[in-house]
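Before any comments, here is the structure.
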Amino acid sequence: MKPCGCMRYFAVYPCGHELTTWEYCGVAKAKNLLKRGPPTACASYTDWQVSPDLEDTCGSTCLTKPFQCRHCGADKQVSWRCSRCNILRDPETFIWDLCRCRGHMCTGVGVGKPGAALCKRCAAGSCSVRSGDHYPSNAAMAERAMAVLNWKCHNCSRLNRTPADAMVCGGAGGCQHKRCGICSALFGCNCKCGCDNCFLEGGTMICDTCIINC
């Protein structure tokens, strides 16, 4: 089959996800002129692999979860490359995520492979494991797994708290920049006093103010 002018450009990101963009030929545009949405490519389209934009997301929620570098051990890295040794993350890289223990609805945070992170308690087997018929439903697991991301927009410096599937700066009142690899993750103070101090690196810890005053 002779290829038409339609081109499928695809980039494979370090996490293994693929991001695709299309360029349509005149025939494909004409066929879909009266239809809503983008045209449908001709069956004889051509594939072309391009380099991923490492200043942007892969279209999934991979960048919402900090990772631990497999090369130098640096933790809480929040872009596609380790800030210490510049090594790319990959699908086997351990991330910080909600505990995925199947025995009960754990609310802890653990480190592990994507979709398989366990908190220290569950990893040690000291959690309350239930029988198989009491496992949480897939819907409940999906709802619990929807992370909320605290981040600072590099475009306007606004501090944001957004669901992982809607990572747009400030909602209706922000600059509408979609979170990219340059935007910084925010880590909050975990002092029991309830302050809302946060910082751009170092992971969750007690802030200097609370160390002095609390």
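List of remarks:
- Relative contact order of segment 1-116, defined on C-alpha pairs under 8 angstrom at six or more residues apart (%): 20 percent
- Pairs of Cα atoms nearer than 8 Å and 6+ residues apart set the relative contact order; for the chain it is 13 percent.
- Listed residues LYS29, LYS152, LYS65 arranged by accessible area, highest first, probe 1.4 Å: LYS29, LYS152, LYS65
- Taking a Cβ cut-off of under 12 Å around TYR24, the surrounding Lys, Arg, Asp and Glu residues balance to a net charge of +2, with basic ones at +1 and acidic ones at -1.
- Taking 0.36 nm per residue of separation and subtracting the current Cα-Cα distance, fully stretching the chain between THR40 and ARG8 would add 10.4 nm.
- The candidates ARG84, ARG102, arranged from most to least accessible area with a 1.4 Å probe in the full protein assembly, appear as ARG84, ARG102.
The values are calculated or read from the model by the stated rules, or taken from the named source; none is laboratory data. Computed from a prediction, not measured in an experiment: that's the story for all the values here. When we count neighbours, we look across all protein chains shown, and the Cβ atoms used for this are built from the backbone with ideal geometry, even at glycine. Only protein heavy atoms, including side chains, enter the accessible area calculation; ligands, DNA and RNA are left aside. Shrake-Rupley method; radii C 1.70, N 1.55, O 1.52, S 1.80 Å.
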